[in-house]
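The values are calculated or read from the model by the stated rules, or taken from the named source; none is laboratory data. Being a predicted model, the structure only gives us computed values, none of them experimental. Neighbour counts are summed over all protein chains in view; Cβ atoms, including those assigned to glycine, are modelled from backbone coordinates with ideal geometry. Each accessible area value is taken on the protein alone, full model and side chains, heavy atoms only, with ligands, DNA and RNA left out. Shrake-Rupley method; radii C 1.70, N 1.55, O 1.52, S 1.80 Å.
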Amino acid sequence: MAPKFIEVKRDDQLSNLPIAWAEFGASKHNRDLFRSLEILTLPTVHFYDGGAKGGLVENFPCAPAGIPILKKKLAQFLNARIDPDTMELKDAAAARGEKEEEEEGDGLGIGGTKQSAPRVERNVTIDDVLVTERHVKYLRTGVPFFKDLTDEEFDGMLSKARLQSFNPGDIIMRQGMPGHTFYVIKSGTVEMSVRSRFEDPIRTPPNYYGAVVNELVTHDWFGERALTTGEPFAATFRVLEKTRCFAFHVEDIPASSILSKTRRASREIVEELSQRYVLPENYEPSYPPTPKDEGILELLVRFRQIRQAAKCFEYVMSTETKWGDGGGIARRSMLASKLSKSQRDDFVEVFNMADVDGNGKVSLLEMRKFMESARARKTDEELLEMIRKSNPVYHVDTGYEITLDEFLGVMAEAEFYTLFTETFQALDEDNTGYVRAGALDEILGGVRDLISDDHKSIIDTEDKYIQVDYEQFSKMLLGAAL
């Protein structure tokens, strides 16, 4: 480990405590292991509770510059779990301060732990001690979702907003919960954590929040993606320092805002996004190919299109995500709207190639023949699984078919994911699966999210030499589940 980490380990105050230290290095041979441990960045620090019901408790990135954060977290972790008199582990249940019962029902997110109610909640009143004109000005001009509101709409929304206070350790929102509120941080610090599908449930107790991917501070916001797409919260937001947030409920946000409930994941918005780049009926290319080149050009284009479809299939089968919901439709339609006209033309052509009978849908039989032409032979079960994942209204009794809109959405996500990962992979000379955050930042040129106006991400760290899992980061850029 780096010298600064060694210094922490050798601290005299820790010498007599029941702590086991371990170090792992990333290589091309242990990429699957690191992914199963939800290691999104390097260096990453894990804290494990060795009690009877322990497991992975903390998972956060920590470059050498973050040693003060490591020391603070370690002190909190040890104080909660070690008896100061015996210097031995406390009972696991008592250390966590949890009830020995399973929590169920509404208000639960992934992992089964409830989110916290605000410690204090009050109306937003200007010119008092807590809210000044400066705060209101930032909300009006600094938050992109509010810039296009009329003064009347903004004032009406602000009059219904709430100022909520949270204490350290409180959970403002839990991953997997439906989105009803948009938050703007007035003061304090909030930690954003994500649990992935790779985690081992044996090692992760119910109060494990996932890998820390970001730290949000004053003037940062969260909740916009859930409101924009209609998908559940994709992360857990835990308070590190006493925090006050401006909270805007979706019912109170004007219809002219993309965050409004009336615009969220509506079929009209999906269709509008899907049709944005449709070619004119009588479109003709500006360059007429010569008769000599025409046959070769068509063959090369066909090979490329078939390869694109094969990559799409592999992506869908490897993600194992639930695609059949309104939020997923809206998110993928937003991605489809960002395709260039030539990309969209290619994907429409691929669909038409597979749609042999020309009925606007691709059947299981047509999909099998098309995949075989790509030398990607798949069983009926595999093809059916792909259609089920990409078709939001699929049902066994309605037939095994996928429509053009559904196909475009899936192809767009697969195309962007492949583009990102192949570009980032070129920087991964040792094939470890990780790339320096500074290098990713240089390539992206400020882009952080293709779905919302996120302006901070896992690569926004003081230490640009920290290593990031670029495959997982690519999914973050697309708003997809890890």
#### Entry: Among (1) open to solvent by less than 60 Å² (accessible area, probe 1.4 Å); (2) part of a strand (DSSP E or B), the one test that Ala26 misses
(2)
### Message
Can you say whether Glu7 is loosely packed, with under 14 Cβ neighbours inside 10 Å and modelled with pLDDT under 85, as far as the supplied structure shows?
### Response
no
## Note on the structure
Among Asp405, Asp397, the single one that is among the charged types (D, E, K, R) and modelled with pLDDT of 70 or more is Asp405
### Query
Does region 224-238 contain any residue that is under 21 Å from Leu335 (Cβ atoms), open to solvent by less than 50 Å² (accessible area, probe 1.4 Å) and among the aromatic types (Phe, Trp, Tyr)?
yes
### Query
How about region 34-83: which of its residues are among the charged types (D, E, K, R) and assigned to a helix (DSSP H, G or I)?
Arg35, Lys71, Lys72, Lys73, Arg81
### Task
Working carefully through the options Ser116, Ser159, Ser193, Ser187, find the one that is at pLDDT 85 or above, over 15 Å from Thr218 (Cα atoms) and surrounded by fewer than 18 Cβ atoms within 10 Å (Cβ to Cβ).
Ser159
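Does Leu450 satisfy the condition of being in contact with a Phe, Trp or Tyr (Cβ under 9 Å, 6 or more places away or on another chain), modelled with pLDDT under 75 and closer than 26 Å to Ser342 by Cβ?
Values: in contact with a Phe, Trp or Tyr (Cβ under 9 Å, 6 or more places away or on another chain): yes; modelled with pLDDT under 75: yes; closer than 26 Å to Ser342 by Cβ: yes.
Considered against the rule, which asks whether it is in contact with a Phe, Trp or Tyr (Cβ under 9 Å, 6 or more places away or on another chain), modelled with pLDDT under 75 and closer than 26 Å to Ser342 by Cβ, Leu450 comes out as yes.
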### Message
Against the definition (open to solvent by less than 10 Å² (accessible area, probe 1.4 Å) and either at pLDDT below 80 or more than 23 Å from Thr228 (Cα to Cα) (or both)), how does Ile459 come out, yes or no?
### Response
yes
#### Entry: Pair list, Cβ under 6 Å, 6 or more apart: region 144-156 residue at pLDDT below 90, other residue polar (S, T, N, Q) and buried (at least 16 other Cβ atoms within 10 Å of the Cβ)
Phe145/Ser257
